[in-house]
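The values are calculated or read from the model by the stated rules, or taken from the named source; none is laboratory data. Keep in mind that what you see is a predicted model, and the values were worked out from it rather than measured. FYI the Cβ positions are ideal-geometry reconstructions off the backbone, even for glycines, and counts take in every protein chain you see. Ligands, DNA and RNA are stripped out before the accessible areas are found, and what is left, the full protein with its side chains, is counted by its heavy atoms. Shrake-Rupley method; radii C 1.70, N 1.55, O 1.52, S 1.80 Å.
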Number of protein chains: 2
Amino acid sequence: MSKIVNVGVSARHIHLSQEHVEILFGAGYQLTEFKPLSQPGQFASNETVEVVGSKGSFPKVRILGPARSATQLEISLTDSFAIGVKAPVRESGNIEGTPGILIKGPAGEVEIQEGVIVAARHIHFHTSDAEKWGIKDQQKLNVRLSGERGMVLENVIARVSDSFALDMHIDTDEANAAGARTGDTAEIID
Amino acid sequence: MSKIVNVGVSARHIHLSQEHVEILFGAGYQLTEFKPLSQPGQFASNETVEVVGSKGSFPKVRILGPARSATQLEISLTDSFAIGVKAPVRESGNIEGTPGILIKGPAGEVEIQEGVIVAARHIHFHTSDAEKWGIKDQQKLNVRLSGERGMVLENVIARVSDSFALDMHIDTDEANAAGARTGDTAEIID
């Protein structure tokens, strides 16, 4: 049984705590939905912020909602060199010891002390998909992206939850290295 | 026998014809060597040019020397989106039907009609290395880059010549997707 998953390419983006939403956009401000994402309840918001590193900045970084418990900026390694922030490859939420950054919004700015990561490539599985394919949460998978720039990505982390929809997330470096785009498919080979 | 090669990461760069060197830098101008490259006789020059796409430009693109028969700009896919040039993945020298671009130097500018490519990943083999490992010119290889972002690159083109030194060339997207740097090693697995 071949195990085929859809690919979603994550451009640089930021998750904000509600406290930081209010510092950046004003007291009581709520993020507004621009479009839904593949994971249930998640959305790209209409709002963007500027992030400022030691060598450069990105003026319009999309905020993904809803607000989370901790602010986290996800960039590619190419981005990290461009703005001068030494972001490590981490799973989302695992930000201890990562670098911080200055974030600017229309109503204020905040300098976070940690939270800048390069997101480790991963596949979201609904529990039923994982059971069907015999895949465990946190299992590391090998996944083939086909084509002229075909490659097999190793150490793709399985994330299993009843709240997830089946989708593979890679960043823009990985997508461009493979010539892959959102909507392509990939095959879990082992 | 494991087949280990050194990795060289190619940042965006340009090769110029002598005619274009003279348009951009002045009549009779000769490129000057900044440092030698891995391939015998090739060098990074002290000179840079600006390249201007429809959406943006790169102000300082390194020229690699010596001058060639045709001008060719090599960028990553990430770069191609950034400046708005639809560069295809091609082997060096195979520029028919590729997009052109505006190039600006201190003494003039030139708009090439073709020559912008994303270089296909490849390994240079001296003929003796290729014979030892049973590898043919133009053979497509699978090559593993190890580590946290480990991957197996497919369709890596073998290029065999008495004038080559053993070295694998990948672009910055591929390097960043793999967490690889110049001086790392890779293994040809089949």
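Filter the stretch B:174-190 down to residues that are within 14 Å of chain A (Cβ to nearest Cβ) and of a type in the set (G, A, S) and give me whichever is most open to solvent (accessible area, probe 1.4 Å).
B:G179
Which ones in the stretch B:75-114 are away from chain A (no Cβ under 11 Å), buried (at least 21 other Cβ atoms within 10 Å of the Cβ) and in contact with a helix residue (DSSP H, G or I) (Cβ under 7 Å, 6 or more places away or on another chain)?
Answer for the stretch B:75-114, where residues must be away from chain A (no Cβ under 11 Å), buried (at least 21 other Cβ atoms within 10 Å of the Cβ) and in contact with a helix residue (DSSP H, G or I) (Cβ under 7 Å, 6 or more places away or on another chain): B:A87, B:I103, B:G105.
Of the numbered conditions (1) modelled with pLDDT of 95 or more; (2) closer than 17 Å to B:I170 by Cβ, B:S38 satisfies every one except a single condition; which is it?
Looking at each condition in turn, B:S38 falls short on (1).
What are the residues in the stretch B:91-110 that are more than 13 Å from B:L24 (Cβ to Cβ) and either outside the structural domain of B:S54 (by TED's automatic domain parsing) or of a type in the set (G, A, S) (or both), if any?
B:S92, B:G93, B:G97, B:G100
Restricting attention to the stretch B:157-173, which residues are over 10 Å from B:I123 (Cα atoms) and either open to solvent by 20 Å² or more (accessible area, probe 1.4 Å) or free of Cβ contacts under 8 Å to residues at least 60 places away in the same chain (or both)?
Of everything in the stretch B:157-173, those that are over 10 Å from B:I123 (Cα atoms) and either open to solvent by 20 Å² or more (accessible area, probe 1.4 Å) or free of Cβ contacts under 8 Å to residues at least 60 places away in the same chain (or both) turn out to be B:S161, B:D162, B:S163, B:T172.
Can you tell me which of A:E154, A:E111, A:E131, A:E187 is in a strand (DSSP E or B), farther than 21 Å from A:V49 by Cβ and free of Cβ contacts under 8 Å to residues at least 24 places away in the same chain?
Just one listed residue meets the conditions, A:E154.
Scan the stretch B:154-167 and tell me whether some residue there is modelled with pLDDT of 95 or more, facing chain A (nearest Cβ under 8 Å) and within 29 Å of A:S76 (Cα to Cα).
yes
Could you tell me whether B:S69 is closer than 25 Å to B:A158 by Cα, surrounded by fewer than 17 Cβ atoms within 10 Å (Cβ to Cβ) and at pLDDT below 95?
Against the criterion (closer than 25 Å to B:A158 by Cα, surrounded by fewer than 17 Cβ atoms within 10 Å (Cβ to Cβ) and at pLDDT below 95), B:S69 does not qualify.
When both residues are 6+ apart or on different chains and their Cβ atoms are under 8 Å apart, which pairs have a first residue that lies in the stretch B:56-77 and is within 14 Å of B:G115 (Cβ to Cβ), and a second that is of a type in the set (K, R) and open to solvent by 50 Å² or more (accessible area, probe 1.4 Å)?
B:V61/B:R12; B:L73/B:R12; B:E74/B:R12; B:I75/B:R12
Yes or no: the stretch B:50-57 includes at least one residue that is modelled with pLDDT of 95 or more, crowded, with 21+ Cβ neighbours inside 10 Å, among the aliphatic types (A, V, I, L, M) and not in a strand (DSSP E or B).
The answer is no; no qualifying residue exists.
Inside the stretch B:138-151, can you point out the residues that are touching a residue at least 24 places away in the same chain (Cβ under 8 Å) and either in the same structural domain as B:V89 (by TED's automatic domain parsing) or touching a strand residue (DSSP E or B) at 6+ places or on another chain (Cβ under 7 Å) (or both)?
Within the stretch B:138-151, B:L141, B:N142, B:V143, B:R144, B:L145, B:E148, B:R149, B:G150, B:M151 qualify.
Quick one: in the stretch B:115-135, of everything that is open to solvent by less than 20 Å² (accessible area, probe 1.4 Å) and among the β-branched types (V, I, T), which residue is farthest from the other protein chains (Cβ to nearest Cβ)?
The residue in question is B:I135.
Filter the stretch A:65-108 down to residues that are closer than 18 Å to A:I23 by Cβ, of a type outside the set (S, T, N, Q) and part of a strand (DSSP E or B), then give me how many there are. It would help to see each step written out before you state the result.
Kept after step one, since they are closer than 18 Å to A:I23 by Cβ, are these residues of the stretch A:65-108: A:65-73, A:100-108.
Those still in the list that are of a type outside the set (S, T, N, Q) too: A:65-68, A:70, A:73, A:100-108.
From what's left, part of a strand (DSSP E or B): A:65-68, A:73, A:101-104.
Qualifying residue count for the region: 9.
Just to be sure, is B:E148 of a type in the set (D, E), assigned to a strand (DSSP E or B) and at the interface with chain A (Cβ under 10 Å from one of its Cβ atoms)?
Against the criterion (of a type in the set (D, E), assigned to a strand (DSSP E or B) and at the interface with chain A (Cβ under 10 Å from one of its Cβ atoms)), B:E148 does not qualify.
Is it the case that some residue within the stretch B:136-146 is crowded, with 21+ Cβ neighbours inside 10 Å, of a type in the set (G, A, S) and modelled with pLDDT of 95 or more?
no
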